[in-house]
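The values are calculated or read from the model by the stated rules, or taken from the named source; none is laboratory data. Predicted model, so just to flag it, every value in this text is computed and none were measured. As a convention, Cβ positions derive from the backbone with ideal geometry for all residues, glycine included, and neighbour counts pool all protein chains shown. With ligands, DNA and RNA removed, areas are computed over all heavy atoms of the protein, side chains included. Shrake-Rupley method; radii C 1.70, N 1.55, O 1.52, S 1.80 Å.
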Amino acid sequence: MGNVTRSSSEVYTSDSEKGFAINHSTPAELDAGAKFVLVSRGSWLHCGYHLTTSIVAPVLLTLPFSFTLLGWVGGVLWLTLAAVITFYSYNLLSVVLEYHAQLGRRQFRFRDMARDILGPGWAKYYVGPLQFAICFGTVIGGPLVGGKSLKLIYHLYNPEGSMKLYHFIIICGVITLILAQLPSFHSLRHVNMISLILSFLYATCVTIGSIYIGHSKDAPPRHYSVRGSDADQLFGVFNGISIIATTYASGIIPEIQATLAAPVKGKMLKGLCVCYSVIATTYFSVAISGYWAFGNDSGASVLSNFFHETKPLLPRWFFLMTNIFILLQVMALTAVYLQPTNEIFEATFGDPKMGQFSMRNVVPRVVLRSVSVAAATVLAAMLPFFPDIMALFGAFGCIPLDFILPMVFYNMTFKPSKYTIIFWVNTLIAGASSILVVIGGIASIRQIVLDAKTYDLFADV
């Protein structure tokens with residue numbers, strides 16, 4: 001191994017076996033984003049809370065609908081396979097992050113990983129913008145989903161009320177604005193612990209509701225055959241695969257691991273075990289009970305099947321309780337996905353040499369976070385059909401970040417032999433996921449085109 005001098009203060013050692021440079025210098029001072037937003041004080045349990053909130057969300061209520069596109073066998077098989085692949089993928093990311101941390105160069109962000117492993121161009125023009133689009137898209141979706149829950153509660157008790165969907169979206173936007181001022185990711189740990197409990201609660205409510213309706217005299221006739229022409233069924237399969245893949249998506253694994261106090265080794269795996277124990281109980285119970293109860297009439301959200309025309313099939317208090325759980329949990333989810341955008345603002349406009357709560361840092365922090373939430377809220381009110389757009393983001397954004405890049409990062413960092421199983425497993429997952437990006441993206445665009453005639457700005461849907 002030979003030494004290459006880059007500057008008077010940095011010495012790198014080229015490692016021919018691993019194929020990248022190892023920095024033996026004193027770590028550079030953290031920027032304001034890493035220092036203030038991604039502060040590293042958390043335990044593995046806190047990490048589990050953050051992971052669960054970032055993955056387990058009301059989008060799991062779409063799982064029965066995905067089964068209508070895949071059928072019983074395909075639905076259960078892909079739901080299980082996606083769980084195994086994402087657990088494996090997130091663990092690979094964690095291993096790569098731990099490795100670089102042991103070398104003295106801890107990576108706090110997805111774009112840090114891309115910069116060090118793929119090169120600065122990939123970080124600046126691909127990974128960074130892609131992650132920002134997913135995170136900000138989720139921040140738009142949060143007030144929209146929360147607003148729809150509030151609207152449902154409102155109309156249960158005031159069916160002739162005059163308030164529109166955008167009014168409720170604005171209310172949720174104000175709640176998000178308050179949560180946005182929490183200074184760091186770590187400061188969300190107690191919020192995310194409550195979010196984990198709320199995930200259990202509304203998934204349990206939905207499961208019990210589905211089973212109750214399925215056994216009641218008002219139970220709809222159930223059919224489990226996949227409907228549509230051959231072309232519709234083919235696109236439906238890939239659309240169903242994309243929906244399930246999106247429900248497991250995170251896109252912020254490095255930022256979550258950055259919240260762990262050093263040493264980080266082994267802590268992320270424990271956090272993932274906490275998260276996937278919640279996933280195992282919520283995803284499968286909601287998907288199987290919902291599809292069993294409603295068959296191929298399962299709606300885009302299984303809650304829509306809890307009504308026959310406009311008549312609720314369950315007591316009003318049940319809908320009130322379930323929607324309050326969903327509303328509160330989606331606000332926590334939105335706060336989590338605000339953190340990467342907050343970190344970008346802090347890194348760009350904050351001063352790490354000043355105190356976190358100095359006027360120099362507090363004023364731009366409050367202004368920029370408030371403006372970003374206000375913009376997201378306006379877009380949510382304007383675009384109530386935004387879930388169709390998010391399906392497209394899921395295909396082109398979540399799958400690359402969560403299914404492809406972890407495999408590429410691992411293979412490029414550790415360079416496993418082409419004769420090893422891990423090399424071919426990683427290559428197979430990355431290759432198959434790349435095909436899924438293209439076909440899932442086409443299916444999502446096709447769905448947007450089919451639904452476009454129903455789109456209206458500020459629609460009350």
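Name the residue, out of SER358, SER370, that is at pLDDT 95 or above, open to solvent by 20 Å² or more (accessible area, probe 1.4 Å) and farther than 23 Å from SER199 by Cα.
SER370
Report yes if VAL56 is surrounded by 24 or more Cβ atoms within 10 Å (Cβ to Cβ) and not small (Gly, Ala, Ser), otherwise no.
On the way: surrounded by 24 or more Cβ atoms within 10 Å (Cβ to Cβ): yes; not small (Gly, Ala, Ser): yes.
Yes.
Please work out which one of (1) within 26 Å of the chain's Cα centre (by Cα); (2) open to solvent by 20 Å² or more (accessible area, probe 1.4 Å) is the condition VAL336 fails and give its number.
VAL336 satisfies all of (1) within 26 Å of the chain's Cα centre (by Cα); (2) open to solvent by 20 Å² or more (accessible area, probe 1.4 Å) except (2).
In the set LEU327, LEU320, which member is in contact (Cβ under 8 Å) with a residue 24 or more places away in the chain, within 25 Å of ILE175 (Cβ to Cβ) and crowded, with 23+ Cβ neighbours inside 10 Å?
Answer to the selection: LEU327.
Only one of (1) open to solvent by 60 Å² or more (accessible area, probe 1.4 Å); (2) under 18 Å from GLY147 (Cβ atoms); (3) of a type outside the set (Gly, Ala, Ser) fails for PHE349. Which number is that?
(2)
Name every residue in segment 59-90 that is open to solvent by less than 50 Å² (accessible area, probe 1.4 Å) and closer than 23 Å to GLN329 by Cβ, in order of residue number.
Residues satisfying the conditions are LEU60, LEU61, THR62, LEU63, PRO64, SER66, PHE67, LEU79, ALA82, ALA83, THR86, TYR90.
Could you tell me whether any residue of segment 262-278 is modelled with pLDDT under 95, of a type in the set (Lys, Arg), in a loop (DSSP other than H, G, I, E, B) and within 19 Å of LEU63 (Cβ to Cβ)?
No, there is no match, as no residue in segment 262-278 is modelled with pLDDT under 95, of a type in the set (Lys, Arg), in a loop (DSSP other than H, G, I, E, B) and within 19 Å of LEU63 (Cβ to Cβ).
Please determine whether any residue of segment 137-152 is within 16 Å of the chain's Cα centre (by Cα), among the aliphatic types (A, V, I, L, M) and under 25 Å from CYS273 (Cβ atoms).
Within segment 137-152, not a single residue is within 16 Å of the chain's Cα centre (by Cα), among the aliphatic types (A, V, I, L, M) and under 25 Å from CYS273 (Cβ atoms).
Can you list residue pairs whose Cβ atoms sit under 7 Å apart, with the first residue in segment 395-418 being farther than 24 Å from THR138 by Cβ and the second being among the small types (Gly, Ala, Ser)? Count only pairs 6 or more apart in sequence or on different chains.
LYS415/GLY19
One line per residue, one yes/no per condition, for (1) touching a Phe, Trp or Tyr at 6+ places or on another chain (Cβ under 7 Å); (2) of a type in the set (A, V, I, L, M); (3) over 18 Å from ASN91 (Cβ atoms):
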| residue | (1), (2), (3) |
| --- | --- |
| THR348 | no, no, yes |
| PRO364 | yes, no, yes |
| VAL367 | no, yes, yes |
| SER370 | no, no, yes |
| ALA380 | yes, yes, yes |
| LEU405 | no, yes, no |
| MET412 | no, yes, no |
| THR420 | no, no, no |
| ALA432 | no, yes, yes |
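Quick check on my filter: what residues within segment 185-225 are in contact with a Ser or Thr (Cβ under 8 Å, 6 or more places away or on another chain) and not in a helix (DSSP H, G or I)?
The one that is in contact with a Ser or Thr (Cβ under 8 Å, 6 or more places away or on another chain) and not in a helix (DSSP H, G or I): PHE185.
Mind checking which pairs have a first residue in segment 57-72 that is at positive phi and a second that is outside any loop (DSSP other than H, G, I, E, B) and modelled with pLDDT of 90 or more, Cβ under 7 Å, 6 or more apart or different chains?
Close Cβ pairs satisfying both conditions: none exist.
Name the single residue, out of those in segment 223-260 being modelled with pLDDT of 85 or more and aromatic (Phe, Trp, Tyr), that is most open to solvent (accessible area, probe 1.4 Å).
Step by step, filter segment 223-260, then rank; the result is TYR224.
Answer with yes or no whether PRO183 is in contact with an Asp or Glu (Cβ under 9 Å, 6 or more places away or on another chain), open to solvent by 20 Å² or more (accessible area, probe 1.4 Å), in contact (Cβ under 8 Å) with a residue 24 or more places away in the chain and not basic (Lys, Arg).
On the way: in contact with an Asp or Glu (Cβ under 9 Å, 6 or more places away or on another chain): no; open to solvent by 20 Å² or more (accessible area, probe 1.4 Å): yes; in contact (Cβ under 8 Å) with a residue 24 or more places away in the chain: yes; not basic (Lys, Arg): yes.
In short, no.
Within segment 277-317, how many residues turn out to be surrounded by fewer than 17 Cβ atoms within 10 Å (Cβ to Cβ) and among the small types (Gly, Ala, Ser)?
Adding up the residues that qualify gives 4.
Out of THR420, THR427, THR413, I need the residue that is over 19 Å from GLN131 (Cα atoms), buried (at least 19 other Cβ atoms within 10 Å of the Cβ) and at pLDDT 85 or above. Which one?
Result of the check over THR420, THR427, THR413: THR413.
What is the one condition in (1) in a helix (DSSP H, G or I); (2) out of contact with any Ser or Thr (no Cβ under 9 Å at 6 or more places or on another chain) that HIS100 does not satisfy?
Only one criterion is unmet by HIS100, namely (2).
Does LEU152 satisfy the condition of being touching a residue at least 12 places away in the same chain (Cβ under 8 Å) and surrounded by fewer than 17 Cβ atoms within 10 Å (Cβ to Cβ)?
Judged against the criteria, LEU152 is not a match.
Out of the residues in segment 182-224 that are of a type in the set (A, V, I, L, M) and touching a Leu at 6+ places or on another chain (Cβ under 8 Å), which is farthest from THR281 (Cα to Cα)?
LEU182
Of the residues SER40, SER66, SER14, which single one is hydroxyl-bearing (Ser, Thr, Tyr), at pLDDT below 95, more than 14 Å from ILE256 (Cα to Cα) and not in a helix (DSSP H, G or I)?
SER14 is the lone residue from the list that is hydroxyl-bearing (Ser, Thr, Tyr), at pLDDT below 95, more than 14 Å from ILE256 (Cα to Cα) and not in a helix (DSSP H, G or I).
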